[in-house]
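Comments concern the structure below.
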Amino acid sequence: MRRRLAAAPLLLLAAGCPRLDPMQRQAKVKAYQPSGYYDDGLAMRAPPAGTVPRDAVLDPALGEGLGADGRPLERIPVPVTPALLAAGRRQFGIRCAACHGLLGDGESQVALNMSLRRPANLHLYRGVPDGYLFRVITHGFGLMPSYAADLTPEERWGVVAYVRALQLSQHATAAQLTPAERRALEGEGR
């Protein structure tokens with residue numbers, strides 16, 4: 001025990017000594033400092049021609065949800081497949097349902113405790129373009145954060161597709177059902 005107590009001041013002294021920190025002594029140049037290594041004297045280098053950022057989306061419609069006219073896309077620009085809907089459902093359950101509710105109606109335990117501003121009822125957004133929903137997921141809105149860092153553009157479009165499926169499921173009329181679905185629904189009511 002005495003050894004530990006005797007070593008404690010030495011450790012504190014060593015931690016504050018910059019000479020013992022190898023990161024302080026390494027050769028490096030900060031971004032805007034001059035450098036003698038390159039002929040132009042600049043430390044920062046331009047990326048090589050043709051370099052694409054890791055998270056870059058080459059098609060602005062896919063990555064931003066905007067058309068050529070700068071307005072939100074009316075429809076999802078990727079094929080809506082069962083796999084896309086499944087991915088959207090999974091991500092909705094992970095990231096959205098806690099606030100917006102499992103049905104997207106804004107009714108959840110978290111929403112009940114949000115006194116400043118309740119999460120939106122997503123069923124009220126049936127008339128907005130798909131690109132608008134995508135942009136809200138991408139950039140956030142109000143108290144909702146951006147999910148661009150957490151979801152790829154394809155996953156974000158999947159969430160939009162799943163929100164549209166939720167809206168359809170909660171606002172479908174009996175006339176939109178097939179005869180077999182209508183019979184099954186009538187059988188449940190008995």
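The values are calculated or read from the model by the stated rules, or taken from the named source; none is laboratory data. In this text, all values refer to a predicted model and were calculated from it rather than measured experimentally. Glycine also receives a Cβ, built like all others from the backbone with ideal geometry; neighbour counts cover every protein chain displayed. With ligands, DNA and RNA removed, areas are computed over all heavy atoms of the protein, side chains included. Shrake-Rupley method; radii C 1.70, N 1.55, O 1.52, S 1.80 Å.
Here is how the numbers come out for the structure above:
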{"read-out": "Region 123-190 versus region 34-111: alpha-carbon centroid distance in Å", "value": "19"}
{"read-out": "Heavy atoms of Tyr162: accessible area, 1.4 Å probe, square angstrom to 10", "value": "40"}
{"read-out": "Region 111-155 - convex hull of alpha carbons, volume per residue in Å³", "value": "92"}
{"read-out": "Whole-number accessible area per residue in Å² for the chain, which is evaluated in the context of all protein chains at 1.4 Å", "value": "74"}
{"read-out": "Nearest-10 value in Å² for the accessible area of Ile94, using the 1.4 Å probe", "value": "90"}
{"read-out": "Accessible-area ranking of Leu166, Leu112, Leu62, largest first, probe 1.4 Å", "value": "Leu112, Leu62, Leu166"}
{"read-out": "For the chain, projected area of the alpha-carbon convex hull averaged over all directions, nm²", "value": "23.4"}
{"read-out": "Fraction of the pair-distance distribution of region 88-178 above 22 Å, Cα-Cα pairs, percent", "value": "24"}
{"read-out": "Relative contact order (%) - the chain, alpha-carbon pairs under 8 angstrom, separation at least six", "value": "18"}
{"read-out": "For region 109-122, Karplus couplings with θ = phi - 60° (6.51, -1.76, 1.60), whole Hz, Gly/Pro x", "value": "5, 5, 4, 5, 8, 8, 7, 5, 7, 6, x, 6, 7, 5"}
{"read-out": "Gain upon complete extension [Glu181, Met114; 0.36 nm per residue less C-alpha separation]", "value": "20.3 nm"}
{"read-out": "Among Leu124, Leu151, Leu73: highest mean-square fluctuation, GNM of the chain, C-alpha pairs under 10 Å", "value": "Leu124"}
{"read-out": "Estimated distance in nm for a label pair at Asp69 and Ala165, the labels positioned 7 Å out from Cα along Cα-to-Cβ", "value": "3.0"}
{"read-out": "Inter-probe distance in nm under a simple model that places probes 7 Å from Cα toward Cβ, at Gln24 and Thr81", "value": "5.6"}
{"read-out": "Charged-residue dipole, Cβ positions (Lys, Arg, Asp, Glu), the chain about Cα centre, Debye nearest 20", "value": "1060"}
{"read-out": "Estimated distance in nm for a label pair at Tyr125 and Gln33, the labels positioned 7 Å out from Cα along Cα-to-Cβ", "value": "4.6"}
